[in-house]
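Participant: Mind having a look at this structure? Questions to follow.
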Amino acid sequence: MWSLETLGRVRLSKHFFMREFLYSEIGNFHQMQNIPDDPDLAIARGQAFCETLLDPLQETFGRIAVRSGFRSAALNRFGNENGLNCARNDYPLECHIWDLPDTPVAGASIVIPWFADQYALGRDWRDLAWWLYDHLPFAELWFFPKLCAFNIAWRPDPDRRIDSYITPRGTLIRAGTAPPEARDVRQARYADFPAFRGIAYPA
């Protein structure tokens, strides 16, 4: 039997604990719990997500802010049915429900403060998008206008898709397609970014 306190103390990776992903404004305001139906499955996928994607980001850019992390299936369904910016539970790109048995995914909406400061001064969100594409094996990215926040998702077989609600809106790159910009052109966009710092974990 999991207690919520025990669940929150689970360390998913070098930099992240489960507790950081359980906070929900929707849950708090509407007095709904945000607890996994299958804690062990949520933890396993959360560990893969954090080790593969979030830890390298924090190592490279400094503190990463989690805006929306795990959502229980019930909470996500409530958010969708009430127009609270939650996708349908069966939407193929929904990444916040980490413990659906047949949907191996984990993701979160995050902000990189280092880049948010530059974005506020007019920097193109695609500079960050192409950096992410060239450095991390994400499944999907979705960019949002506020703070240049973005959803980033882990899957066992990453599709490498990028979409945005920031102008130019739409799909920047579809799964299985080549980037429209050559690698040296992409690299020029982010030449001033910090040097990439990954983490090597024991097998």
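Participant: State whether one or more residues within segment 67-80 are among the polar types (S, T, N, Q) and within 14 Å of the chain's Cα centre (by Cα).
Facilitator: There is at least one residue in segment 67-80 that is among the polar types (S, T, N, Q) and within 14 Å of the chain's Cα centre (by Cα).
To keep it simple, each residue is scored yes or no on (1) assigned to a loop (DSSP other than H, G, I, E, B); (2) of a type in the set (A, V, I, L, M, F, W, C); (3) in contact with a strand residue (DSSP E or B) (Cβ under 7 Å, 6 or more places away or on another chain).
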site	(1), (2), (3)
Trp130	no, yes, no
Tyr133	no, no, yes
Pro168	yes, no, no
Pro179	yes, no, yes
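Participant: Among (1) at pLDDT below 95; (2) more than 30 Å from Leu7 (Cβ to Cβ), which single condition is Thr167 missing?
Facilitator: The failed condition is (1).
Participant: Let me ask you something else. Could you list, in sequence order, the residues of segment 29-44 that are touching a residue at least 24 places away in the same chain (Cβ under 8 Å), assigned to a helix (DSSP H, G or I) and aliphatic (A, V, I, L, M)?
Facilitator: If the condition is that a residue be touching a residue at least 24 places away in the same chain (Cβ under 8 Å), assigned to a helix (DSSP H, G or I) and aliphatic (A, V, I, L, M), then Leu41, Ala42, Ile43 are the ones that fit.
Participant: Still on this model: Can you tell me which condition Tyr23 does not meet? The list is (1) farther than 24 Å from Asp157 by Cβ; (2) crowded, with 19+ Cβ neighbours inside 10 Å, and all the others hold.
Facilitator: (2)
Participant: Looking at Asp127, Asp117, which one is under 25 Å from Asp157 (Cα atoms) and either surrounded by fewer than 17 Cβ atoms within 10 Å (Cβ to Cβ) or acidic (Asp, Glu) (or both)?
Facilitator: Selected residue: Asp127, the only one of Asp127, Asp117 that is under 25 Å from Asp157 (Cα atoms) and either surrounded by fewer than 17 Cβ atoms within 10 Å (Cβ to Cβ) or acidic (Asp, Glu) (or both).
Participant: Here is a further query. Take Glu20 and decide whether it is acidic (Asp, Glu), modelled with pLDDT of 95 or more and within 22 Å of Ala129 (Cα to Cα).
Facilitator: Considered against the rule, which asks whether it is acidic (Asp, Glu), modelled with pLDDT of 95 or more and within 22 Å of Ala129 (Cα to Cα), Glu20 comes out as no.
Participant: Turning to a different aspect of this structure: If we keep just the residues of segment 98-135 that are among the aliphatic types (A, V, I, L, M) and more than 12 Å from the chain's Cα centre (by Cα), which is farthest from Asp40 (Cα to Cα)?
Facilitator: So the residue we want is Leu121.
Participant: Okay, next question. Mind listing whichever residues of segment 100-127 are assigned to a helix (DSSP H, G or I), touching a strand residue (DSSP E or B) at 6+ places or on another chain (Cβ under 8 Å) and of a type outside the set (Phe, Trp, Tyr)?
Facilitator: The answer is Pro113, Arg126.
Participant: What number of residues in segment 45-82 are surrounded by 23 or more Cβ atoms within 10 Å (Cβ to Cβ), assigned to a helix (DSSP H, G or I) and in contact with an Asp or Glu (Cβ under 8 Å, 6 or more places away or on another chain)?
Facilitator: Of the residues in that region, 2 qualify.
Participant: Determine whether segment 56-79 contains at least one residue that is β-branched (Val, Ile, Thr), in contact with a strand residue (DSSP E or B) (Cβ under 7 Å, 6 or more places away or on another chain) and either touching a residue at least 60 places away in the same chain (Cβ under 8 Å) or at negative phi (or both).
Facilitator: Yes; the residues of segment 56-79 include at least one that is β-branched (Val, Ile, Thr), in contact with a strand residue (DSSP E or B) (Cβ under 7 Å, 6 or more places away or on another chain) and either touching a residue at least 60 places away in the same chain (Cβ under 8 Å) or at negative phi (or both).
Participant: Please go through segment 135-153 and give me each residue that is surrounded by fewer than 16 Cβ atoms within 10 Å (Cβ to Cβ) and in a loop (DSSP other than H, G, I, E, B), ordered by number.
Facilitator: Pro137, Pro145
The values are calculated or read from the model by the stated rules, or taken from the named source; none is laboratory data. These numbers were taken from a predicted model, which means no experiment stands behind them. All Cβ positions, glycine included, derive from the backbone under ideal geometry; neighbour counts span all protein chains shown.
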